[in-house]
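Inspection log for the structure reproduced underneath, given as structure tokens.
The values are calculated or read from the model by the stated rules, or taken from the named source; none is laboratory data. The model shown is predicted, which means the values in this text are computed figures rather than measured ones. So basically every Cβ, Gly included, is an ideal-geometry build from the backbone, and we count neighbours across all protein chains shown. Heads up: the accessible areas ignore ligands, DNA and RNA and are worked out on the full protein's heavy atoms, side chains in. Shrake-Rupley method; radii C 1.70, N 1.55, O 1.52, S 1.80 Å.
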Amino acid sequence: MQRAIDVVVAGGVLVVLSPVLAGVAAVVAARLGRPVLFRQARPGLHGLPFTLVKFRTMRDVDEERGLVTDADRLTGLGKALRATSLDELPTMWNVLRGEMSLVGPRPLLMHYLELYTPEQARRHLVRPGVTGLAQVRGRNALSWEDRLAIDVWYVDHRSFGLYLRICAQTALVLLRRTGITAPGDPTMPQFTGTKPQREADRA
């Protein structure tokens, strides 16, 4: 049932919002240049890589112009696209292809796979999602430990009812535009692994 809804909704979004997709593509091309789409390998089900597709929100790295960090490269247009989640519309293609679901843990970066604890790595036992439980519980405002723990909780407690609730709650999050960035960061700081417990804690 969940897969059927994924296909119907993703296909419907791509058809119904095709004028919006075309409009955003035109603006990105005019403001940021080509390519219009951002493509990057991300870990999917069981950690197997797939190519995530989104609209570009950042300028290319250019050390001479001082465009190195995410803060330097993220444009006003990019911030607006992220705030409204319009940059995510092309990921509906990933949903149609079966690489993603509408709901699931967000697909992060490939090199994070080697940084997860065995418990955190269980987030890849399901397809990654366009939205997810962590997105409606705080999104990028969450700490990495909390975010990954919520992902694993979703894996262990997923159900069709939870899937529908997350879809409904996502609409509210988009309207409120909360948790778009982490405190003091233009997006989300890099995950560097869960900090080891202190010696006192181990004792």
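Here are some notes:
- FRET efficiency for the Val7 to Ser143 pair, using the beta carbon distance and R₀ = 35 Å, is estimated at 0.55.
- The chain, relative contact order [Cα under 8 Å, separation at least 6], %: 20 percent
- Cα gyration tensor, the chain - rounded (a/c under 1.5), prolate or oblate: oblate
- Peptide ranges 142-151, 125-134 listed from the most packed, as the mean C-beta count within 10 angstrom indicates: 125-134, 142-151
- Multiplying the residue separation of Leu175 and Phe38 by 0.36 nm and subtracting their alpha-carbon distance yields 46.9 nm.
- Potential extension, Thr192-Leu125 segment - 0.36 nm per residue separation minus Cα distance: 22.0 nm
- Probe 1.4 Å, protein heavy atoms only - accessible area per residue of region 5-156 in square angstrom: 48 Å²
- Rounded if a/c under 1.5, otherwise prolate or oblate - region 1-59, Cα gyration tensor axes: oblate
- Whole-percent carbon and sulfur share, accessible surface of the chain, 1.4 Å: 58 percent
- Only helices enter this figure: runs of n ≥ 4 DSSP H residues, each worth -39500 (n - 2.57), summed and divided by the residues of the chain, yield -12500 deg cm²/dmol at 222 nm to the nearest 500.
- Positive-end residue, region 22-179 charge dipole about Cα centroid, Cβ charges, pick of Leu113, Leu96, Gly138: Leu96
- Computed lengthening from Trp153 to Ala22, 0.36 nm per intervening residue step minus Cα-Cα distance: 43.4 nm
- At an R0 of 30 angstrom, the distance between the Cβ atoms of Val15 and Arg165 translates into a FRET efficiency of 0.70.
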